[in-house]
Amino acid sequence: MTRLVLASGSKIRATLLENAGLIFDRIPANVDERQIEEPLLSTGVDPETIAAKLSVAKAKEVSARNHGAYVVGADQILAFEGKRLVKPEDLKAARKQLESFSGKSHALHSAACVVKDGEVVWEGISTAILHVRDLSADFLDWYIEQTGTEILSSVGAYQLEAEGVQLFEKIEGDYFTVLGLPLLSLLSFLRDIEVLKK
């Protein structure tokens with residue numbers, strides 16, 4: 001049987017794969033993302049490329065410790081007003097970020113790859129554009145009280161699969177991209193290599 005590994009500590013990515021019927025091990029990558037990103041950002045590389053390079057770095061690191069396995073790496077970049085955002089440090093920073101999103105749009109670029117024995121055998125990327133409605137101070141008070149520190153695990157300070165859906169008036173792109181994985185194209189590749197039935 002072919003062994004599949006998810007090189008991520010992300011609960012939502014694991015849930016997506018489990019819900020799709022995949023059996024896999026979950027081994028978070030030991031990668032310094034900022035060390036990979038900083039040289040790329042200084043050269044003006046686009047967010048999609050950064051997400052792709054991070055997903056490959058994570059998968060390759062785990063692949064080096066798991067010979068013969070197909071290792072799925074993934075990363076997501078949020079681009080807003082020409083900048084790449086990172087996960088907010090605390091609830092105050094999360095609120096400030098959400099206030100800045102109010103009435104505006106941002107992009108989520110979700111990249112994934114599959115690495116076997118150190119070689120990239122598949123890469124995919126998808127983008128979603130999220131249009132945030134005008135957010136009132138009362139709503140933000142309620143939202144932060146309701147969600148608490150859970151939102152700090154997300155780069156956008158929201159979880160679309162929970163109360164975060166209330167932030168948006170429109171989303172262009174698929175649900176799985178927003179959650180952090182180009183799932184449909186990944187599943188197609190896994191069928192091609194017969195990890196899943198065709």
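Within the stretch 155-172, being surrounded by 16 or more Cβ atoms within 10 Å (Cβ to Cβ) and either hydroxyl-bearing (S, T, Y) or in a loop (DSSP other than H, G, I, E, B) (or both) holds for V155, G156, A157, Y158, Q159, L160. Checked against the criterion of being in contact with a strand residue (DSSP E or B) (Cβ under 8 Å, 6 or more places away or on another chain) and either surrounded by fewer than 21 Cβ atoms within 10 Å (Cβ to Cβ) or of a type outside the set (D, E) (or both), the candidates A20, A57 yield just one match: A57. Would you confirm, using the coordinates I've provided, whether Q97 is in a helix (DSSP H, G or I) and not charged (D, E, K, R)? Taking the combined requirement at face value, the residue satisfies it.
All of (1) more than 16 Å from the chain's Cα centre (by Cα); (2) in a loop (DSSP other than H, G, I, E, B) hold for R191 with one exception: (2).
Specify the residue that is surrounded by the fewest Cβ atoms within 10 Å (Cβ to Cβ); the eligible residues are those in the stretch 60-82 that are out of contact with any Leu (no Cβ under 8 Å at 6 or more places or on another chain) and closer than 20 Å to L130 by Cα. Per the stated criteria, the residue is G82.
Every residue, every condition in (1) touching a Pro at 6+ places or on another chain (Cβ under 6 Å); (2) surrounded by 14 or more Cβ atoms within 10 Å (Cβ to Cβ); (3) over 22 Å from K58 (Cβ atoms), yes or no:
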site	(1), (2), (3)
V115	no, yes, no
L140	no, yes, yes
G148	no, no, yes
I151	no, yes, yes
F176	no, yes, no
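Listed by first and then second residue, the pairs linking a residue in the stretch 117-144 that is closer than 30 Å to A69 by Cβ and in contact (Cβ under 8 Å) with a residue 60 or more places away in the chain to a residue that is of a type in the set (S, T, Y) and in a strand (DSSP E or B), with Cβ atoms under 8 Å apart and 6 or more places separating them unless they lie on different chains, are V121/Y70; I125/S110; T127/S110.
The residues of the stretch 1-16 that are modelled with pLDDT of 90 or more, hydroxyl-bearing (S, T, Y) and over 11 Å from the mean Cα position of the chain (by Cα) amount to a single one, T15. Residues in the stretch 83-95 that are surrounded by fewer than 14 Cβ atoms within 10 Å (Cβ to Cβ), among the basic types (K, R) and at pLDDT 95 or above: K92 alone. Restricting the stretch 1-17 to residues that are small (G, A, S) and in contact (Cβ under 8 Å) with a residue 24 or more places away in the chain leaves a set whose member that is surrounded by the most Cβ atoms within 10 Å (Cβ to Cβ) is A7. Within the stretch 29-87, the set of residues being basic (K, R), closer than 22 Å to S185 by Cβ and under 15 Å from the mean Cα position of the chain (by Cα) comprises K53, K58.
The values are calculated or read from the model by the stated rules, or taken from the named source; none is laboratory data. Because the structure is a prediction, the values reported are computed rather than measured. In this analysis, Cβ positions are derived from the backbone assuming ideal geometry, glycine residues included, and neighbour counts consider all displayed protein chains.
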